[in-house]
1. Return the only residue of ARG131, ARG100, ARG140 being of a type in the set (Lys, Arg), closer than 23 Å to PRO165 by Cβ and either out of contact with any Gly (no Cβ under 7 Å at 6 or more places or on another chain) or assigned to a loop (DSSP other than H, G, I, E, B) (or both).
2. Tell me whether region 88-95 contains one or more residues that are modelled with pLDDT of 95 or more and within 20 Å of GLU26 (Cα to Cα).
3. Check ARG140, ARG183, ARG131, ARG145 and return the single one that is among the basic types (Lys, Arg), surrounded by 19 or more Cβ atoms within 10 Å (Cβ to Cβ) and out of contact with any Cys (no Cβ under 9 Å at 6 or more places or on another chain).
4. Please state which one of ARG23, ARG56 is closer than 16 Å to ASP85 by Cα and either assigned to a strand (DSSP E or B) or out of contact with any helix residue (DSSP H, G or I) (no Cβ under 8 Å at 6 or more places or on another chain) (or both).
5. Name the pairs: first residue in region 63-90 and closer than 28 Å to PRO115 by Cβ, second residue surrounded by 19 or more Cβ atoms within 10 Å (Cβ to Cβ) and among the aromatic types (Phe, Trp, Tyr), Cβ to Cβ under 7 Å, at least 6 apart or on different chains?
6. Would you say ILE233 is out of contact with any Leu (no Cβ under 9 Å at 6 or more places or on another chain) and either farther than 27 Å from ASP85 by Cα or exposed (fewer than 15 other Cβ atoms within 10 Å of the Cβ) (or both)?
7. Considering only region 4-19, state which residues are modelled with pLDDT under 95 and within 13 Å of LEU194 (Cβ to Cβ).
8. For region 1-26, name all the residues that are within 16 Å of PHE107 (Cβ to Cβ), crowded, with 20+ Cβ neighbours inside 10 Å and of a type in the set (A, V, I, L, M).
Amino acid sequence: MAEGGLLLVCATPIGNLGDVSDRLREALQTADVVYAEDTRRTATLLQHVAAKPVVRSLFVGNESARVVELLAALGEGRTVALVTDAGMPGVSDPGTEAIRRAREAGFAVSVIPGPSAVTTAVALAGFGADRFVFEGFLPRKGKERALRLASIAGEDRPVVLFISPHRLVADLKAIAAVIGPMREVAITRELTKLHEEVWVGAISGAIEEWSSRDPRGEFTVVVAPGPVEKLSIEDAIAEARLLVVGGSSPSEAARRVADATGVSRRSVYQALIETQDRS
C-alpha cells in the first residue's frame, strides 16, 4: 500500500440530518479536504456536525479532473472525505472513478456506512428483500432503455429504481407497458424527511394517482416481483441432462434442478437413469 493519506467514502443522510452517525461526524471533523457533489448542500451538513474542512466540488461533469487533485492530496498524506448529496458515493452518484483510482494508486480507502434510500424503500414496500435488484435510473431512450425495461419484466425479484420527479409518470407508463397494469409498485418519496410518503398499489393506480399530482422530491420506486413460471418436466429433464454432461452425477443434477424449479426430483432422476440405461 502506498504511503500517504486516507480516502473516506462517506454515506450521508438521505434527508434527515438526525441520521448522522458518530463515525460520520468524526470523519468530517477530522478530514483535511471534503470533495462534495454539491458544495452548497454539503455546507449545511458540515455546519450540522461543526466541521470546517476545505471543501471542493466533485460532480459528474468535473470528476476526472478533480480526481487528479484528490490523488495529489492523498499523496501529501491528507485525509480526504468523499460525499454526495445523499447516500453513498458511487451508487447512482459520482465517486466511482475517485474510489477506483485511489485504490489502484495504493492509497487506503475506507467506507463510513450510513442511510440508504434503496434498502429503506425495499423495507417499506413489503415485497420481500431476501433478494432484490437495484436498477438505478432508467435510460431515457433508445435500445438500452428497451433492454432494461425488458429485464424488469422478467424479474422474479423486487426491482428498485431511482426516478426524478419530472420523469415519474413517463417511466411508470413505460414499466406498465412491459409488466402489465396490475403488478404492485411502491412509490416512495422524500424518505426520512418531513413530507415522507409511501404509496403502494397496482401500477395502473400509481399512474392515475401521480398523473393528477405535481410530483416533487426524490422518488425511489420498488416494483414487486413477477410470477415465477414453473418449468415443464420436459424442460427440467433437459436442464438436468446438461448438468450431467457438465460433470454432475444424475442424483446431483436432479436435486439441483428440482430445487431451482420445483419439479419432482424423483421424476427427473428416473428420466436421467433411463437415458443412461439406453445409452
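The values are calculated or read from the model by the stated rules, or taken from the named source; none is laboratory data. Because the structure is predicted, anything quoted here is derived from the model rather than measured. Please note: Cβ atoms are built from the backbone with ideal geometry, for glycine as well, and neighbour counts cover all protein chains shown.
1. So the residue among ARG131, ARG100, ARG140 that is of a type in the set (Lys, Arg), closer than 23 Å to PRO165 by Cβ and either out of contact with any Gly (no Cβ under 7 Å at 6 or more places or on another chain) or assigned to a loop (DSSP other than H, G, I, E, B) (or both) is ARG140.
2. For region 88-95, residues modelled with pLDDT of 95 or more and within 20 Å of GLU26 (Cα to Cα): present.
3. Result: ARG183 is the single residue among ARG140, ARG183, ARG131, ARG145 that is among the basic types (Lys, Arg), surrounded by 19 or more Cβ atoms within 10 Å (Cβ to Cβ) and out of contact with any Cys (no Cβ under 9 Å at 6 or more places or on another chain).
4. Selected residue: ARG56, the only one of ARG23, ARG56 that is closer than 16 Å to ASP85 by Cα and either assigned to a strand (DSSP E or B) or out of contact with any helix residue (DSSP H, G or I) (no Cβ under 8 Å at 6 or more places or on another chain) (or both).
5. ARG66/TYR35; LEU70/TYR35; LEU74/PHE107; VAL80/TYR35; LEU82/TYR35
6. Taking the combined requirement at face value, the residue satisfies it.
7. Selection gives GLY15 alone.
8. Scanning region 1-26 gives LEU7, LEU8, VAL9.
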